[in-house]
Amino acid sequence: MKKILFLFLIIVPNLFYTIKSKDIIGDATNGKKLFKENCTACHSIELEKTMIGPALSGITDKRDRIWLHKWIKNNKLLRNSGDKDAISIYKEYRNIEMNSFPKLSEQDIDDILFFIKNPIQIQKNINNNKNEIINENDEEKNFLIRFVIFCISISLIITTWILYRIQILIKLINKEKKTFIFSKMDFLIKILHEKFFGNKKKRWYIFSCFLGFFILFNLYELWIFMIKIDVNKGYEPEQPIYFSHKIHSGINKIDCQYCHSSAKYGKISGIPSTNVCMNCHITIDKYQGDYIEKGKNRDYYNKEIQKIYYSIGWDPENRVYSKKNYPIKWIRIHNMPDFVYFDHSQHIITGKEQIKKSKNVNIVCNACHGEVEKMDKIRMSNDFTMEWCVTCHKNTEIDKNNQYYKNYFLNFCKNKEKKTTVDMIGGKECAKCHY
C-alpha cells in the first residue's frame, strides 16, 4: 500500500502537470490584438508564412506550453540554461535574438498561443460580421432603390396631369380667340418706348447706368478672382502611391509625429522617407484590415505596398535590399508662399494647448490641416490666407505659464485674469511673418 500510495503521489501530479502544460485555454480575440502589438515585427500575422522569425502555425502542437511560456518571457535565459531546442532555434535563425516579453502575464501568453492555435475561428467571426454588414447594406440599398422609383413614379403622374391641364387651357384660348394676355404685353412695351427708349437723352442715361453697373460688377468679380489666386482650399491631388491617413492615423492610431518627426522641433513638418514606411511594412506586405474604402479592394492596397518595396529596392521573398532605389515623387499639398515665414515647432510646442482650446480640436495638427485621421485622401481643409492666420492670432490666447512669455512679456503674464491673445504681443506685425 505504501508503494502504491508513493507511485500515486508521484504519477498523478506529473500527469496533471503534463495535461496542464498541453492544454491552452485563452481569448483568441485578445490574443490576436496582443500578437499584432508585440509579435508582428518579426512574425507574420499569416501564421504559415516565414519572415524574420519562423512561421508559428502549429507551434502549440510542436512545443510544450510551459516551454513556450519560458521562451516568450525570456528566451535568453532559456538558452543560458542549456535548453537544446532553444539553442537550436537561435542558431537556425542566424543568431538573431528574439525580444523578451517579461511584462506579458501568463494569461496574455495563453491568449496569444490560443490565437495561434485557433486563427480560423477568429476569421470566421470576422467573415460573419462582414456578411452581416453586407446584408444590412444590401437591405438599405434595396430600400433606397424602391424609394427613388416611388418618387419618380409620383413625379411622372403629377407632370402628366399638369401637361394635360395645360393642353385643355390652350384649346380653350384658341377657340375663344382671346388676346388679353398679349394686349397687356403690347401696352407695357408701348409705355417703355414712349417714356424711356423713345427719348435719346433718357436712352443715353439708361445705357450709361447699365454700363457703369456692368463695369463695377466686373471689377468686383476681378478683385474676388485676384484674392483667390493660390488659395487652394479643397486641393486633393493624386499621389504616386496611394496612402490612406484614415487607415494609418485613424484606425491604427499612428501618431502624426511618428512620420512627420521634424514638425515638433523644426520649421517644416517634413515628408517621411521610405525607411519610415518600412519600419512597419517590412512585415506588413499585405493589407489585412477590415476597413476597405469604397471603390477599392485588398488587391489595390497590396499593389500600393509593392510600390514602396520597388522604391526602396526591397525583395520581400528573399528579404534583402538591392542597390537600386527609385525616390517617390510626392506632390506637396500644404505649401506656404516663399515670402511667408511659418515655423511648425513654434506652434506645436509653445502654442499647442492654447491652439487646441481655441480651435476646439483634440490634436493640434487638426487646427490647420483638418481631421486628417478621417481622410482617405489628404486635402487642404483651410484656405491659409493672411486673414485666416491673423484671425487665429486674434482669437488664440498665449500660455502665460510658458517660460518664454514670462521672460519677454512680463507685464502681460503678471495679470492672469486679463485675456492676452497672440496679436497683442506682436502676432499681427508685418515683420513677424514677412522679412
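Every number in this text was worked out from the coordinates using simple rules, so none of it is lab data. Please read all numbers here as calculations on a predicted model, not as lab measurements. All Cβ positions, even for glycine, are placed from backbone atoms using ideal geometry, and neighbour counts span all protein chains on display.
Structure summary
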read-out	value
Zone of V390's modelled label, taken as backbone nitrogen in the stretch 313-342 under 16 Å from a point 7 Å along Cα→Cβ	340-341
Pair-distance profile P(r), taking every C-alpha pair of the stretch 233-310, with 10 angstrom steps and integer %	15, 47, 32, 6
The stretch 252-388: radius of gyration and largest Cα-Cα distance (Dmax), Å	17.6, 55
In Hz, Karplus ³J(HN,Hα) per residue of the stretch 88-100 (6.51, -1.76, 1.60; θ = phi - 60°; x = Gly, Pro)	5, 5, 4, 6, 4, 9, 6, 6, 7, 7, 6, 5, 8
Approximate spin-label separation I149-Q107, in nm, with each point projected 7 Å along Cα-to-Cβ	5.4 nm
Simple spin-label estimate for Q167 and K253 in nanometres, 7 Å along Cα-Cβ	6.8 nm
Highest average packing first - 413-419, 63-69, Cβ atoms within 10 Å	63-69, 413-419
Projected-area average for the stretch 41-113 over all orientations - Cα convex hull basis, square nanometres	4.7 nm²
Built amide H within the under 5 Å cut-off of I268, gap 5+	H344
Cross-link table K49/K324; K70/K374; K73/K296; K253/K428; K233/K324, entries beyond 31 Å C-alpha to C-alpha	K70/K374; K73/K296; K253/K428; K233/K324
Segment K377-K303, extension gain: residue separation times 0.36 nm, minus the distance between their alpha carbons	25.0 nm
Cα centroid separation - the stretch 273-316 against the stretch 144-171, whole Å	53 Å
Interchain or long-range residues, amide H under 5 Å from Y287's placed H	N302
Segment Y220-N411, length gained on full extension (0.36 nm per residue, minus Cα span)	64.3 nm
Projected label distance in nm at V361 and N80, using a 7 Å step from Cα toward the beta-carbon	4.9 nm
Theoretical gain in end-to-end length, K418 to R63 [0.36 nm per residue, Cα-Cα removed]	120.9 nm
